[in-house]
Each structure stands twice: as C-alpha cells, then as structure tokens.
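Each value in this text was obtained by applying a stated rule to the coordinates, not by laboratory testing. None of the values given here were measured: they were computed from a predicted structure. Quick reminder, even Gly has a Cβ in these numbers, built from the backbone with ideal geometry, and neighbours come from all protein chains shown.
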Amino acid sequence: MAVSLGTARPLSAELSKKIKLHTMFTEGRPGGQRLMIMQGKMARLKFDNLMLKEVQMAASDLSGASFTRGNLQGSDLFGSDFSSASLRQANLNKCDLRGCNFSMADLTSAEIRGADLRAGQILKWSRGHGNETSFSGATLDNADLSDTDLEHANLQNVSAIGSKFKDANLYAVNLSGANLKDADLSGSKLKDAVLVGADVTNANLSYSDLTNANLRNVDLSSANLEGANMDGALARSPGAALPKEIEEMIQAHGKWIATNGDEGVRADFTGKDLTSLDFSNCDLRGALLSQCDLSRANFKNCELMLTSFVASNLTEADFSEALISGTSFTDAVLTNAMFVSAKMVRAEILAPDGSKTGRSLRVGFRGAELIGTIFSNARLDGVDLTDSKQQGVNWIGAKIEECEGLA
C-alpha cells in the first residue's frame, strides 16, 4: 500500500517559469529551454498534469511529490528518489529509471512501457537500499510495464493487480509477496526471479521464462503457464495440491515471510493431522509443526529455517534435498524418514539491525527416534544428536562435521 508524505506543495515561481520554458522546448517554439536539474531537492512538490517530457532530473529527491497524470515520457530520472510519490496515470514510457526508488509510491494506471529500470551502476543510495531500482510496497495496479527492463529490480510486496509486464525483462527481480492477480506477464523473462508468497491468481505467465525461479508457496493452479519454461524452477508440482485450509495457511505464511511479519500470518500447524501431505518445494521458515502427525509427509526440497517439528510423528517423512537450518526435531519420531542429500547447517543469529552476533542455532535431534533413518549423502554441520535413539541409521556418503551425540 502506498504511503503519502502529506499534501504536495505548490511549485516556486522560479521552477514554474522553467517548466513553462520546457513546455515551449517540447513544442519546438522559439525561446524554449529543456528543464535540467541534477540532484534537485523537490520533495513533496506538485507536478500534476504537467508536460515534463524529456526532462533531466537525475539523482533528485522527489519523495512524496505528485506527478498525477503528468507526462514524463523519455525523461532522464536516473537514481532519483520517488518514495511515497504519487504517479497515478503518469506517462513514464521510455524513461531512464535506473536505480530509482519507488518504495511505497502509487503508480496506479501509470504507463511505463519501454523504460529502463535496471539497477543503477554509479549511484548508491545512502539510506540502505543499495543501488537497485526499488518498487518495494508500491501500488502498480493496472500499470503498463510492457517491454520494460527491470533486471534485478526490487518489487517486493507490490500490488500489481491487472498490470501488464508483457515481454518485460524481469531477470532476477524480487517479487516476493507481490499481488499479481490478473496480471499479464506473458513472454516475460523471469529467470532467477524470486516470487516467494506471490499471488498469481489468474495471472498470464504463458511463454514466460521461469528458469530457476523461486516459486515457493505460490499457488499456480489458476495461472496460465502455457508454453512457460519451468526448467530448474522451485515450484509446487501440479499433483501437490493441499487441502484448502492448509493451502491458505501456506499462502499467508509466504506473505508473512516476504514482509518480515508485517503482513500475512505465521503458519501454526501445531497438533494437526497432516498425514501424507505434500509440502515439497514450500518455504516453511519459522513455521510451527510441533506435535503433528506428519507420517509419510513430503518435505522434499523445502526451506526449513527455524522450523519446529518438536514431538511430531515423522515416520517415513521425506526431507530429501531440503535446506534445514536451526530447525528443531526434538523428541520427534523419525523412523524410516529420509534426509537424502539434505543440507543441515547452523542458523546465524543476527541483531535487530542485521549485524552479526557471532551466535547461531543448531539443527537439533535431541531425544528423537532415529530408527532406520536415512541420511545418505546429506551434509550435517554442527547438528545436535544428543540423547537421540540411533538404530540402523544409514550414514552412507554423509558429510558430518562438528556434530554432538553421534552414536
């Protein structure tokens, strides 16, 4: 949801005069002069309905400004800050928007066709968001971004309902938590993109390139995937449908992950009967699966960081190729469970500001029943097996380092 910084302020007489001269320039009239402002301080100014085609406003502070129905086509806006700005129905076609910050901006029904939205290669923001073009939390409903270059852009948690990304370059973009209902992404290049927890209900992804894309916790059942390239993508298999209640919890959990807990709901399955359910390729970081019946459940290729399986029945459950860090299997029953080629490592504990603390949490099997459990070709780094019952465990090919309690 876009956030306003307050009512936009009127332009100064000097700036108004420059804009009039710029209008004359765009119309080819004598005496016209192109508007060129580098590193301008124009936060919260009102540019509504103005002809600003081909202006140069690179590296400028335009946060909270209003460009509603403004025409900025072909402008050089490289590295400018549009955070919380209003660009509703604005024309940004063919603009240089590399390295711009559109966090929490409102771009409802804006046209952004053919714009360059790649990361800026020179400017680095001083407010901690790097040099990528950021639309984090922005509103892009019904916007047209067809043929745009959004390589490495941050579109985390954007609302892009009904928007057009047709044939856009979305290589390695972050679309986690994005609302892409009814969006048209046909022919787009989404290789290495991250869409964890995104909503693609009725989205058109036909003939898109989703090679190696991260689609964990994404319900693709109503999306159009005709001709899409899914090679190497982390996505739920078509036959991995979950009960409606569980599916909804997985979707809400994906949103919870994408927003660092600001939206969505942490998945709490405590005490539930989840026998034989297929959670493969899901992102279950921080999920609560304690005291559950998860016998024969499928967790292949899941991401399980700080996940709790305390005292659960995991008989014949499959954790093959899962990424497991800081997760607790304390007192769980893991008879004949499989961890083939799984990676079990410590989870690093960070301070609230993201700095390192030097502390970590181990994967723990304290008191667990490991009878006939298969760890072949798995990596176990710092795993705690203290007081676990180990009988007939298969360790063939496993790489074991600094583990405690190994029988």
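Both radii were evaluated on the Cα set of segment 268-407; the Rg over Rh quotient, with Rh as the Kirkwood radius, amounts to 0.96. If you run the Gaussian network model on the chain, springs between alpha carbon atoms under 10 Å, then out of N377, N214, N204 the most flexible one is N377. Over all distinct Cα-Cα pairs of segment 125-212, the Kirkwood formula returns a hydrodynamic radius of 12.5 Å. How far is helix 13-26 tilted off the main Cα axis of the chain, in degrees rounded to 10, range 0 to 90? With both axes taken from Cα atoms, the answer is about 90 degrees. With the cut-off at 43 Å, report for the chain the share of all Cα pairs above it, as a whole percent. So the pairs more than 43 Å apart make up 24 percent of the total in the chain. Pairs from the table (K191/K399; K20/K46; K94/K189; K164/K255) lying more than 24 angstrom apart at Cα are K191/K399. This model, with +1 at the C-beta of Lys and Arg and -1 at the C-beta of Asp and Glu, gives the chain a dipole about its Cα centre of some 1540 debye. Applying the Karplus relation 6.51 cos²θ - 1.76 cosθ + 1.60 with θ = phi - 60° to segment 95-102 yields 3J(HN,Hα) values of 7, 8, 10, 4, x, 6, 10, 10 Hz, where x marks Gly and Pro. Derived scalar couplings between HN and Hα for segment 44-56 equal 6, 8, 9, 10, 4, 6, 8, 8, 10, 4, 6, 6, 10 Hz in order, rounded to whole Hz, by the Karplus curve 6.51 cos²θ - 1.76 cosθ + 1.60 (θ = phi - 60°), x for Gly and Pro. Shown here is the pair-distance distribution of segment 159-280: with all Cα-Cα distances grouped in 10 Å bins from zero up to the longest one, the shares run 15, 46, 31, 8, 1 percent. Take each peptide in 78-91, 250-263, 16-29, count the other Cβ atoms within 10 Å of every residue, and average; sorted highest first, the result is 78-91, 250-263, 16-29.
Modelled this way, with points 7 Å down the Cα-to-C-beta line, the labels at S206 and A13 are 5.9 nm from one another.
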